[in-house]
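The values are calculated or read from the model by the stated rules, or taken from the named source; none is laboratory data. It should be emphasised that the depicted structure is a prediction, and the values quoted were computed from it without experimental measurement. A quick note on method: Cβ atoms are made from the backbone with ideal geometry, for glycine too, and the neighbour counts reach across all protein chains shown.
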Amino acid sequence: MPSTTNYEVRSATPRDAKAIAEIDVNASAAHWREAIEYCEPQIYVALDGAQIVGFVGFDRSRDKGTPPTTGEIWNIKVSPSHQGKGIGLALWDAAREGLLEEGCSTVTLWLPLGNERALRFHELAGFKREMNSIKTVPRGVTRIEEIRLKRALT
């Protein structure tokens, strides 16, 4: 799948699960292998040469009451050593194309309120904060506040 950067973005394969888990330290390789095998969510990886340096998971929204034309970015992460190099944009572009192919017209995602870098990235990509969506969720042994962001896909 072509992108606007020099990084290749392609669909993930089960062999990619370990590399994805190394980027997403909150989930195991087994978790990602199962997600890839069942396509829930759909997962793309970004490569710098042969090295996986980021991934995005996306599908229909998991939020109750959303129309079937609402997609969701379930997870998007870039290796710390490759942040700020256009990989997040390449992953977002690929997910956007995938959601459009699925018939989605809007997309949402949930982010921790304290993750200013991610909030800024998504706001630059056209997402708007939904202030009435703030919720507290368990994350390991702690709890964090998350906010939903939303934008049109076209």
Residues within region 55-89 that are within 21 Å of Leu99 (Cβ to Cβ) and either in contact with a Phe, Trp or Tyr (Cβ under 8 Å, 6 or more places away or on another chain) or in contact (Cβ under 8 Å) with a residue 40 or more places away in the chain (or both), tallied | 22
State whether one or more residues within region 115-135 are closer than 25 Å to Ala29 by Cα, of a type outside the set (D, E, K, R) and either modelled with pLDDT of 95 or more or assigned to a helix (DSSP H, G or I) (or both).
-> yes
Region 1-30, subset assigned to a helix (DSSP H, G or I) and either in contact with a helix residue (DSSP H, G or I) (Cβ under 6 Å, 6 or more places away or on another chain) or at pLDDT below 90 (or both), residue surrounded by the most Cβ atoms within 10 Å (Cβ to Cβ) = Ile20
Answer with yes or no whether Glu34 is within 29 Å of Lys150 (Cβ to Cβ) and out of contact with any Phe, Trp or Tyr (no Cβ under 7 Å at 6 or more places or on another chain).
-> yes
What is the one condition in (1) of a type in the set (Ser, Thr, Tyr); (2) out of contact with any Phe, Trp or Tyr (no Cβ under 8 Å at 6 or more places or on another chain); (3) surrounded by 15 or more Cβ atoms within 10 Å (Cβ to Cβ) that Tyr44 does not satisfy?
-> (2)
Pair list, Cβ < 8 Å and 6+ apart or interchain, from region 34-54 residues that are farther than 19 Å from Arg96 by Cβ to residues that are part of a loop (DSSP other than H, G, I, E, B) and of a type in the set (Val, Ile, Thr) = Ile36/Thr13
Looking at region 31-59, which of its residues are more than 29 Å from Ser105 (Cβ to Cβ), not in a helix (DSSP H, G or I) and not charged (D, E, K, R)?
-> Leu47, Gly49, Ala50, Gln51, Ile52, Val53
Restricting the first residue to region 96-115 and requiring it to be under 17 Å from Pro67 (Cα atoms), which pairs with a second residue that is modelled with pLDDT under 95 meet a Cβ separation below 7 Å and a spacing of at least six or different chains?
-> Ser105/Thr154
Sort out which residues of region 47-80 are within 21 Å of Leu124 (Cβ to Cβ) and more than 12 Å from the chain's Cα centre (by Cα), and write them in order of number.
-> Val53, Ser79, Pro80
Test set (1) surrounded by fewer than 17 Cβ atoms within 10 Å (Cβ to Cβ); (2) touching a strand residue (DSSP E or B) at 6+ places or on another chain (Cβ under 8 Å); (3) farther than 22 Å from Glu22 by Cβ - Leu119 fails condition number = (1)
Is there a residue being of a type in the set (A, V, I, L, M) and in contact with a Leu (Cβ under 6 Å, 6 or more places away or on another chain) anywhere in region 74-86?
-> yes
